[in-house]
Each structure stands twice: as C-alpha cells, then as structure tokens.
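Down below is the structure, laid out as structure tokens.
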Amino acid sequence: MIRQEVIRKPLVVQPADSSNSPLYVWHGSGEPGPVRVTIDLSEQKAYIFQNSENIGWSYVATGRSGFRTPTGTFVITEKVVNKRSNKYGSIVDANGNTVRSNATAGVHGVPSGGKFLGAKMPYWMRLTNYGVGMHAGPIPHPGSPASHGCIRLPYDMAERIFEVAPSGTRVTIVP
C-alpha cells in the first residue's frame, strides 16, 4: 500500500476589527481520534487537540465580572445544534418588539401577551448540570471575558468543535 502525504493549510480567520491577530486557527485533518479541549481563562483562548496533536486554537469569551466560568475538568454531556438559553435573553411584547434586551428569566417582568425569548446558543455543548457550556456567540473584544459564564466561541469554530468532539469529550478549564 502506498501512503500518500497530505499537506494541510491552516484555516485562519481574522476578527472584523483587527488586521494583526487571527480570531482562530484550525488545521484539523478530519481524521478520527480522541479529542480534548483546554480553555485558558487568563488568555481567553481554547486549544483543541486530537490524537494528542494541537489541531487548532480560538479566542473565547468566558464569564465577565459577577458571572464566573468554573475551572476544573468536565466532559461534554449534551449537544444541541439550535439551543436557546432558559435563563438569559430578551423580553418581547405581544407584537414581538423587544422591550428589554439582556433580561434574566424570572427576574425581569414580562408584559401581558409578551414572552421571554432565550438567547440563541448555537452548537451548544453542555459542561455542567447548572447551565455552563461551550457554544457559538460573539467575541466582542478578543482576549477579554464577556459572557454570563459560558464559553463563547466564534460561530465557525463552535461548529467545528461540535462536529469533532462527541459527548464524553474532556474539557479542562484552567485559571
């Protein structure tokens, strides 16, 4: 059998407001093998490994002041492509107009005929029983925390990790 050498060019994505540093780099091969993820809170970066090789990294947005992202070792226990938060989101009136953005369910009142609309969390990968996970979301200032405790990833990177990391994948979050 002849082994063919494959040369992979990394996918590099720049943030919209920067020409210097990429938002993430992915050079996964698509080959099968165990995946693990390390989230570094001090760097606000995720490092993805497959078969013990680094296959990519990404800026993340973790818990801002008052909304701590837990540290430790976790496993992905649930995966949902189109999840919505049951805690954070917005409140809309009976006509569907937003009357309060950045609302918390059960804390902020809902007008008659209105409803709470949970924030979109595409490519949800649950890490804790109390609602912390990884998902696609904005990274407003790469390198700075910005979430309610979850680990937000750029949309394309969340989709890639969702595809390669099955339930049971180990995710380590370090300070």
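The values are calculated or read from the model by the stated rules, or taken from the named source; none is laboratory data. Note that the coordinates shown come from a computational prediction; the quantities given were computed from them, not determined experimentally. A quick note on method: Cβ atoms are made from the backbone with ideal geometry, for glycine too, and the neighbour counts reach across all protein chains shown. All accessible areas refer to the heavy atoms of the entire protein, side chains included, with ligands and DNA or RNA removed. Shrake-Rupley method; radii C 1.70, N 1.55, O 1.52, S 1.80 Å.
Whats the longest run of the chain with zero trypsin sites (Lys or Arg not before Pro) that are DSSP loop and have at most 11 other Cβ atoms within 10 Å?
Longest gap between qualifying sites, sites excluded: 9-175.
Normalised by the number of residues in the chain, what is the relative contact order in percent for Cα pairs under 8 Å and 6+ residues apart?
27 percent
How far is the Cα center of region 23-68 from the Cα center of region 76-136, in Å?
Centre-to-centre (Cα) distance: 24 Å.
Out of (1) 1.41; (2) 0.93; (3) 1.04, which label holds the value of Rg/Rh (Cα atoms, Kirkwood Rh) that was computed here?
The value matching this structure is (3).
I'd like the carbon and sulfur percentage of the solvent accessible area for region 129-175, probe radius 1.4 Å, heavy atoms only, ligands and nucleic acids excluded.
With neighbouring chains kept in place, the figure for region 129-175 is 53 percent.
Amide H neighbours of Ile55 under 5 Å, at least 5 residues apart or on other chains, H built in the peptide plane: list them.
Ile48, Phe49, Gln50
Roughly how tilted is helix 155-164, in degrees to the nearest 10 and between 0 and 90, from the longest Cα axis of the chain?
Helix 155-164 sits at roughly 60 degrees to that axis.
Enter the accessible area per residue of region 93-171 (Å², integer; probe 1.4 Å; all protein chains in place). Show your work: numbers first, answer last.
Working: 3990 Å² over 79 residues.
Accessible area per residue: 51 Å².
Determine, from the Cβ-Cβ distance of Ser42 and Lys115 and an R0 of 41 Å, the FRET efficiency 1/(1 + (r/R0)^6), rounded to the nearest 0.05.
0.60
In whole angstrom, and with the biggest value first, how far do the Cα coordinates of region 104-175 range along each principal axis?
Here the spans come out as 44, 28, 24 Å, largest first.
I'd like to check one number: the per residue accessible area of region 36-82, probe 1.4 Å, reported in Å² as a whole number.
Value returned for region 36-82: 47 Å² of accessible area per residue.
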